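The values are calculated or read from the model by the stated rules, or taken from the named source; none is laboratory data. The model shown is predicted, which means the values in this text are computed figures rather than measured ones. All Cβ positions, even for glycine, are placed from backbone atoms using ideal geometry, and neighbour counts span all protein chains on display. Ligands, DNA and RNA are stripped out before the accessible areas are found, and what is left, the full protein with its side chains, is counted by its heavy atoms. Shrake-Rupley method; radii C 1.70, N 1.55, O 1.52, S 1.80 Å.
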Amino acid sequence: MVLVLVIGDLHIPHRIHDLPLKFKKLLVPGKIQQILCTGNVCDKETYEYLRTISPDVHVVKGDYDESGFPLSVTVLHNPIKIGVIHGHQSVPNGDLDALSAIARQMDVDVLISGHTHIFQALEYENRFFVNPGSATGAWTGAFVGEPTPSFALMDIQGSVVVTYVYQLIEGEVRVEKIEWRKEPEVANAPRSTVMPQRIPSPTPANNENGCVQPIDIRVLTVFNADNPRAQGSSYKLEGVLLIFERLSTLTEHPRTNKMPGTFTYNFDTPSFKGTATVNTGLFIGGQWVDPVESQFIDVVNPATGKVITKIAGGSKADVDKAVEAAAKAAKTTWGLKTPGRERGRLLNKLADLLEQNLDEFTALESLNTGKVYANTKHIDMGASVQVFRYFAGWADKIQGRTVETDENKLAYTRHEPYGVVGQIIPWNFPMGMLSWKIAPAIATGNAIVLKPSEITPLTALRFADIVNEAGFPPGVINIVNGYGPSVGQAISEHPKIEKVAFTGSTLTGRTVLKAAAATNLKDVTLELGGKSPAIIFDDANIEQAIKWATNGIFFNMGQVCAAGSRIFVQEGVYDLFLEHFTAAAKALGDSAGDPFALGTQHGPQISSTQFDRVMAYIDSGKQEGANVQIGGVRHGDQGYFIKPTVFTNVTPEMKIVREEIFGPVGVVIKFKTEEEVIELANDTIYGLASQIFTENTTRAIRVAHAIESGSVYVNCSNTAEPGVPFGGYKQSGVGREMGEYALETYTQVKGVHINIGLKI
């Protein structure tokens with residue numbers, strides 16, 4: 001939860017000495033963390049004054065240039081982006097088209113501006129607009145009656161926004177509760193293209209309240225207490241001071257809506273018929289608990305764009321609780337106090353329970369991710385069961401060794417668990433990545449605090465139930481939902497977490513690594529991005545190469561870190577390959593649709609954000625002169641579907657060649673010689689995986705050794721095995737997952753020296 005104080009037309013004369021005290025009471029930890037200033041009377045002097053009140057509070061001020069055009073400031077509270085502008089002299093009052101155009105130009109979800117005469121807050125074109133400067137509609141020549149100091153405390157619960165509007169009336173603070181719900185954004189909805197023009201002076205306008213777009217922060221809006229242009233005098237702050245007096249005693253607004261304890265979904269599809277029930281809280285210490293700060297996160301079906309349910313969103317305070325539970329387990333009931341054979345038995349029990357409930361887990365995963373049901377069942381879920389069974393077999397084989405020294409000394413090593421480990425997993429393979437993280441950590445005796453992606457938490461939450469059913473001691477496995485900047489950062493920085501494993505983008509991986517280094521130098525494993533080459537030589541089995549290359553780039557809608565997105569084809573088979581590869585991409589696109597429908601082979605991107613990101617890369621390829629061989633457009637009019645896309649005529653400096661797109665977009669590049677393609681394949685900052693297609697075994701081995709990547713697939717793609725290590729070279733990661741190598745990343749080696757005869 002983040003509390004943001006938004007100030008409009010408020011000038012703070014230094015003669016009012018009581019105001020800093022009121023602010024200081026308000027700006028204590030856990031209350032206001034940020035002040036956004038928008039009004040024209042919030043001048044430089046006031047702005048600087050606000051900054052001196054509390055060094056822990058971030059102050060942001062919107063302004064305007066000499067021509068009157070707004071100078072924008074953006075503030076990101078993941079996943080919501082807030083824009084702050086001045087608004088005065090640049091936006092016609094009440095001109096929502098102009099405001100909407102500014103919001104689009106700034107690429108923000110919420111736009112806060114002064115002097116636009118929007119009454120308090122409203123929704124327009126699926127964006128949320130707040131005007132803290134003119135809540136009463138007061139303005140020169142239009143003001144009637146006494147202005148009323150007011151503010152709004154917005155309690156965001158997923159897609160529902162409960163707003164408490166406070167007003168000072170006759171010396172009393174009165175409150176009105178208003179509840180709004182955001183509808184999912186309609187694909188291809190028309191947007192205004194009107195850009196604002198400077199006007200000589202504002203004029204009053206009347207606007208109807210709309211529907212507030214929800215944001216996953218709390219916004220506290222303080223409106224102006226008075227208007228000097230209407231009153232002909234300086235600002236009167238008594239009303240604002242009284243409101244601050246009330247605010248200084250607030251720690252948490254009483255809630256009227258409690259988070260539902262469970263969520264049940266009824267599936268009636270051709271692929272699966274049945275129900276699935278998921279707890280929507282946090283799983284800490286073997287129990288389901290509400291988050292400390294009671295915030296909520298929408299879970300969206302990417303095939304429709306509609307909200308499935310809301311789940312609890314955790315914070316640093318929840319991570320602290322989970323770490324304490326894990327530390328207690330590590331010291332009392334787990335770790336080396338639990339023999340390896342018992343840890344193995346519990347892992348096998350998890351595999352059994354997952355297998356017994358495989359259809360339910362598959363349905364939840366397909367619902368939450370848009371993955372095709374049949375693929376999810378046989379690939380994602382089937383592989384997860386295998387991973388748990390594989391590491392169950394290792395649990396009683398974590399061994400040190402005796403080191404020969406001399407007959408007067410015994411020396412040996414022990415491989416000991418870290419204790420509490422933090423794990424952060426991505427949205428592209430929710431259950432798969434959970435198994436990759438949890439299984440080796442449990443086999444080696446660690447206790448876990450795991451953060452699933454806030455986008456795809458459903459199977460992780462369902463998994464928590466079978467953790468209890470399997471009989472794990474409380475606190476061994478803890479699952480805390482939440483956003484990266486809150487829960488993820490708290491895990492990365494926590495001084496009692498000795499090891500962190502992260503899978504995600506290279507950019508976020510750097511953040512995790514910095515946080516670990518800046519705190520307790522915790523050990524870090526990173527599995528990051530990729531831009532993997534797929535190399536098809538003239539002597540390849542072309543029919544098989546086409547099928548595997550199609551799988552290599554379009555599997556999971558291209559949302560695979562090891563996707564073979566740079567496809568190098570030797571000139572002798574280039575035309576033949578391109579013809580049939582294009583046909584395969586078309587057939588895949590033609591079979592896109594409902595993940596539960598029989599015959600569907602291609603699903604949606606995971607979210608509207610990812611959809612926009614991929615489409616932006618496609619637009620970039622077009623603008624830079626690449627040829628769209630096929631695809632390049634969305635599929636259908638709902639959900640986040642993109643047709644498989646193939647580019648040709650690309651050059652090495654293009655963004656679509658160099659940057660990870662993480663979508664169904666591949667580039668096909670012609671090459672002549674083996675030496676040339678090795679150089680091209682290695683010309684990247686990434687080194688996660690590669691694919692080689694040739695019938696020449698000697699060539700296959702030679703090129704596999706020359707390619708700079710952590711994994712090489714010869715005449716296949718995306719065929720990871722539990723016993724084979726997986727990880728990257730270069731900026732694709734640090735450390736290895738899977739296989740015996742994963743065990744090394746979850747243990748510390750201790751050397752023990754025992755004197756059995758040495759004398760001094």
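Key figures
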read-out: Per residue Cα convex hull volume in Å³ - calculated over region 595-729; value: 156
read-out: Vicinal HN-Hα couplings computed from phi for region 684-689 (Karplus, 6.51 cos²θ - 1.76 cosθ + 1.60; Hz; Gly/Pro x); value: 7, 7, 9, x, 8, 8
read-out: Cα-centred dipole magnitude for region 662-760, charges only on beta-carbon of K, R (+1) and D, E (-1), debye, nearest 20; value: 360
read-out: Long-range HN-HN contacts of Gly419 with modeled amide H, under 5 Å; value: Ala447
read-out: ³J(HN,Hα) computed for each position of region 379-390 - Karplus, 6.51 cos²θ - 1.76 cosθ + 1.60, integer Hz, glycine/proline x; value: 9, 4, 6, x, 5, 4, 4, 4, 5, 4, 5, 4
read-out: Solvent-accessible area per residue for region 496-563 (1.4 angstrom probe, square angstrom); value: 34
read-out: Full-stretch length increase - Thr275, Asp290 - with 0.36 nm per residue and alpha-carbon distance subtracted; value: 3.0 nm
read-out: Accessible surface of region 660-760 [probe 1.4 Å, protein heavy atoms]: carbon and sulfur percent; value: 53
read-out: Efficiency of FRET between Ser608 and Lys672 - r from beta-carbon atoms, R0 41 angstrom, step 0.05; value: 0.45
read-out: Distance (nanometres) between label positions extended 7 Å along Cα→Cβ at Glu571 and Asn266; value: 6.4
read-out: Label-to-label distance, nm, for residues given as Glu679 and Tyr412 (7 Å Cα→Cβ offset); value: 5.6
read-out: Given Lys328/Lys437; Lys331/Lys496; Lys409/Lys496, the pairs whose alpha carbons are separated by over 24 Å; value: Lys409/Lys496
read-out: Hz values of 3J(HN,Hα) by residue in region 466-474 - Karplus curve (6.51, -1.76, 1.60), Gly and Pro given as x; value: 6, 4, 5, 5, 5, x, 5, x, x
read-out: Hypothetical label at Cys716: residues of region 688-702 whose amide nitrogen lies under 15 Å (7 Å Cα-Cβ projection); value: 690-694
read-out: Across Lys377/Lys622; Lys273/Lys643; Lys670/Lys730, pairs whose alpha-carbon gap is larger than 30 Å; value: Lys377/Lys622
read-out: Separation of the Asn520 and Lys337 label points, Cα + 7 Å toward Cβ, nm; value: 1.8
read-out: Interchain or long-range residues, amide H under 5 Å from Thr525's placed H; value: Val500, Ala501, Phe502
read-out: Protection proxy ranking of 557-563, 287-293, 502-508 - average other beta-carbon atoms within 10 Å, highest first; value: 557-563, 502-508, 287-293
read-out: Values of log10 I(q)/I(0), in the order q = 0.27 Å⁻¹, for region 440-516 under a Debye, Cα-only, solvent-free model; value: -1.40
read-out: Amide H within-cut-off set for Ile669, under 5 Å, with H built and near neighbours excluded; value: Ile567, Phe568, Val569
